[in-house]
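Novice: Okay, here's the structure, questions in a sec.
The values are calculated or read from the model by the stated rules, or taken from the named source; none is laboratory data. Worth saying up front: this structure is predicted, and the values here are computed from it rather than measured. So basically every Cβ, Gly included, is an ideal-geometry build from the backbone, and we count neighbours across all protein chains shown. Ligands, DNA and RNA are excluded from the accessible area calculation, which covers all protein heavy atoms including side chains. Shrake-Rupley method; radii C 1.70, N 1.55, O 1.52, S 1.80 Å.
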Amino acid sequence: MKKVLIVTSSIDSTIDYVINKYKGVAEFFRLDVDLFPKYEIILGGARGWMILYDGWSLERKELYSIYYRKPRLPKLDEYHIEYQGMIAKDIISLINGIVDDFQGKVLTKPYILRKTENKAFQLLYAEKNGLLMPKSFVGNSNNHAEDFINKRSIIKPLTTGKIMSKDAIEIYQTNYFKIFDEDISLTPIYLQEYVNKQYEVRMTYIDGYFFTVRIDSEDKLDWRRNYKGLKYKIIDCPPKVSKQCQKLLNDFQLNYAAFDFIVDEDDQWFFLEVNPNGQWLWLEHELQIPISEKIVSYLIK
C-alpha cells in the first residue's frame, strides 16, 4: 500500500473519519503537530528527513503523498512568554519545510495556502479576473470606511477572526456594519455592501470534480452562525462561474478548494471567497457526496 503522511492535530475528527474509512486503501501516518514533543523529527543528511513516533518510522523516500490539513501548535505554557512566539515559529518552520520540500503529491503545500488564504489577495484577483463580487473595501482609510455606513453593509474578518487567550478563544464573525466611531488607521478592516440573497452556495472542488451545494438558512447574514437550521441541496453551477473557478484553481495551483457564493434575487452568483483548506465532512454526511473518496483517490492514484 502507498504511504500517506497526514499533517494535522489530535482534535481533527475529519482525519479520524478518513483513516477509519480508508484504512485498507492506504497506509496512513499521522503527524499531530499539537503533540509535537511526542514525535522525533530528524532533518538533514542522506535521508532528507525522518519521523519516528510510537513504534513507527517514516523516511521521505518511502512516502507517496502528504495531506496537509489543520495543524495546531502545542501548548507552550512551560516556556516564558517572550520565547513562545519564537518556538511556535520554529515548529511551523520545520513542519512546513518538510511539506514544501516534498517532490511527490501534496494536498496542499503550505506556501500555496499562505498565499491563497489571503483575502486581500483574493479580492484583487477577483476584480482583475471578472468574478462578480459585492462592492468591497479592504484598508485603513477612515473616510472610505464611512461611505459604507450610509449603505446596508457588513464587516467581516480579514484573517482568521480568532483571538486566543490562555483560557478561551474569542471568535469574530461576519456582522452588520452599523456604527463607525473608532480610528482604523492602524487596524485594516474588510467591508462589503450587503446583497439580498436567495441562498448561499458552498462549492467544493477536488481534482477535477465540483460538488455544488445550495444552502438555505434562516439567518440571512451568514449561514455559519446557525448550522441547525440549514437545508442543503445539490445543484448545478452556471458554466461561466465554473469556468472562472477553474481558472482561479489553475492560477492558484490548487487541487482542492471550497468556494463560497451568494445567489441574489436575480440569480446572479456573487463570489465571496475561496478557502484552499476548507472543511467538507459535514456536507458528505448531509448529502452522501463522495468528497473523502475523491480526496483519498487523489492522494494514492
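Novice: Having 2 or more residues that are within 30 Å of Glu62 (Cβ to Cβ) and in contact with a Leu (Cβ under 9 Å, 6 or more places away or on another chain) is the bar; report the helices (runs of 4 or more DSSP H) wholly within the stretch 92-149 that clear it.
Specialist: On the way: elements: 110-116, 119-128, 142-146.
Of the helices (runs of 4 or more DSSP H) lying wholly inside the stretch 92-149, those with at least 2 residues that are within 30 Å of Glu62 (Cβ to Cβ) and in contact with a Leu (Cβ under 9 Å, 6 or more places away or on another chain) span 110-116.
Novice: Consider Gly229 against the criteria (1) within 24 Å of Leu113 (Cβ to Cβ); (2) surrounded by fewer than 19 Cβ atoms within 10 Å (Cβ to Cβ); (3) among the small types (Gly, Ala, Ser): it satisfies all of them except one. Which criterion is unmet?
Specialist: So Gly229 meets the others, but not (1).
Novice: Quick one: what pairs do we get from the stretch 102-122, first residue within 15 Å of Lys156 (Cα to Cα), second open to solvent by less than 40 Å² (accessible area, probe 1.4 Å) and assigned to a helix (DSSP H, G or I), C-beta under 8 Å, 6+ apart or different chains?
Specialist: Correct list of pairs: Gln122/Thr116.
Novice: Go through the stretch 192-214 residue by residue and tally those that are in contact (Cβ under 8 Å) with a residue 60 or more places away in the chain, in contact with a Lys or Arg (Cβ under 7 Å, 6 or more places away or on another chain), open to solvent by 30 Å² or more (accessible area, probe 1.4 Å) and over 25 Å from Tyr298 (Cα atoms).
Specialist: 1
Novice: Which number in (1) closer than 22 Å to Asp100 by Cβ; (2) open to solvent by 70 Å² or more (accessible area, probe 1.4 Å); (3) at pLDDT 95 or above marks the one condition that Arg47 misses?
Specialist: (3)
Novice: Would you mind listing the strands (runs of 3 or more DSSP E) fully within the stretch 1-72 where at least 1 residues are closer than 18 Å to Ile95 by Cα and free of Cβ contacts under 8 Å to residues at least 24 places away in the same chain?
Specialist: Output list reads 40-43, 49-53, 56-59.
Novice: In the stretch 125-143, how many are within 16 Å of Glu182 (Cβ to Cβ) and surrounded by 13 or more Cβ atoms within 10 Å (Cβ to Cβ)?
Specialist: Count: 4.
Novice: Given the criteria charged (D, E, K, R), out of contact with any helix residue (DSSP H, G or I) (no Cβ under 6 Å at 6 or more places or on another chain), modelled with pLDDT of 95 or more and at negative phi, does Lys105 qualify?
Specialist: For Lys105, the condition - charged (D, E, K, R), out of contact with any helix residue (DSSP H, G or I) (no Cβ under 6 Å at 6 or more places or on another chain), modelled with pLDDT of 95 or more and at negative phi - is met.
Novice: State all residues of the stretch 257-301 that are open to solvent by less than 10 Å² (accessible area, probe 1.4 Å) and of a type in the set (Val, Ile, Thr); if no residue qualifies, say none.
Specialist: Hits for the stretch 257-301 are Val263, Val274, Ile291, Ile295, Val296.
Novice: Kindly evaluate Tyr79 against the criterion of being of a type in the set (Phe, Trp, Tyr), outside any strand (DSSP E or B) and on the phi < 0 side of the Ramachandran plot.
Specialist: yes
Novice: Is at least one residue of the stretch 238-251 touching a residue at least 24 places away in the same chain (Cβ under 8 Å), open to solvent by 30 Å² or more (accessible area, probe 1.4 Å) and touching a helix residue (DSSP H, G or I) at 6+ places or on another chain (Cβ under 7 Å)?
Specialist: no
Novice: Now for a different question. Out of (1) within 22 Å of the chain's Cα centre (by Cα); (2) basic (Lys, Arg); (3) modelled with pLDDT under 95, the odd one out for Arg69 is which?
Specialist: (3)
Novice: Hey, among the residues in the stretch 1-28 that are of a type in the set (A, V, I, L, M, F, W, C) and closer than 16 Å to Ile291 by Cβ, which one's most open to solvent (accessible area, probe 1.4 Å)?
Specialist: Val25
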